[in-house]
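Okay, so here's the structure we're looking at.
Values in this text are rule-based calculations from the coordinates and carry no lab data. Because the structure is predicted, anything quoted here is derived from the model rather than measured. Cβ placement follows ideal geometry from the backbone for every residue including glycine, while neighbour counts extend to all protein chains displayed.
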Amino acid sequence: MFIQKIKDDEAQVAKLAIQQFGSIEKYTEEMKHNLEHFSEIMEDWYSQIPEKTRIEDKFLKLVSHKGEDVASKPFQSIVEEILTGALATAPSLLIGSTENYCKIIMDTYSNHYLIKVFDTKHGAGSSKYIVKAFHYYSENNCVENN
């Protein structure tokens, strides 16, 4: 699914790759390295996540407020918690900027297969609600958009 998503968004990926790495070649080298060492990178990343964060699923916390205005301060503070935690613990090469991470979340929760899985488990419309929340955050808080 990941490879298909990259193929589908080839122009955007190329733009972001050049922006982040300086060239497609450097991006390709880094991706090869990351894929060759994927298990170690993920284990290292996971080990750096505090136990409390691993136990508490903030995305479930978001959907527990489903139906509330995504622009509300309390709701956006949950989005901010998710972003702060991800940016503090994930390798920057995996998520890049806040804006890029918001796009990753929006794309992930817009995937038809994942929508079915997540919405079945957490209620219809849960994925759409998360996308809406991160879209609002991205549009109103990311420096790259302003």
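Dipole of the range 57-145, Cα-centred, from +1 at each Lys and Arg C-beta and -1 at each Asp and Glu C-beta, to the nearest 20 debye? Before the final figure, lay out each step's value.
Details: 9 positive and 10 negative charges, 65 e Å.
Charge dipole, the range 57-145, about its Cα centre: 320 debye, nearest 20.
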Partners for Lys116 among aspartates and glutamates (Cα-Cα distance below 15 Å; same-chain residues under 8 apart left out): Asp107
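By the scheme Lys and Arg +1, Asp and Glu -1, what is the net charge of all other residues having a beta-carbon under 13 Å from that of Asp119? Present the calculation step by step, with values, prior to reporting the outcome.
Values: positive: Lys66, Lys116, Lys121, Lys128; negative: none.
Surrounding charge for Asp119 is +4.
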Net length gained if the chain between His33 and Leu60 were fully extended (0.36 nm per residue, minus Cα distance): 6.4 nm
Cα pair distances exceeding 23 angstrom across the range 57-145, given as percent: 18
GluC sites (Glu not before Pro) restricted to the range 66-143 and DSSP loop, no more than 16 other C-beta within 10 Å: Glu68
Net charge over other residues, Cβ less than 13 angstrom from the Cβ of Ile24 (K, R count +1; D, E count -1): -1
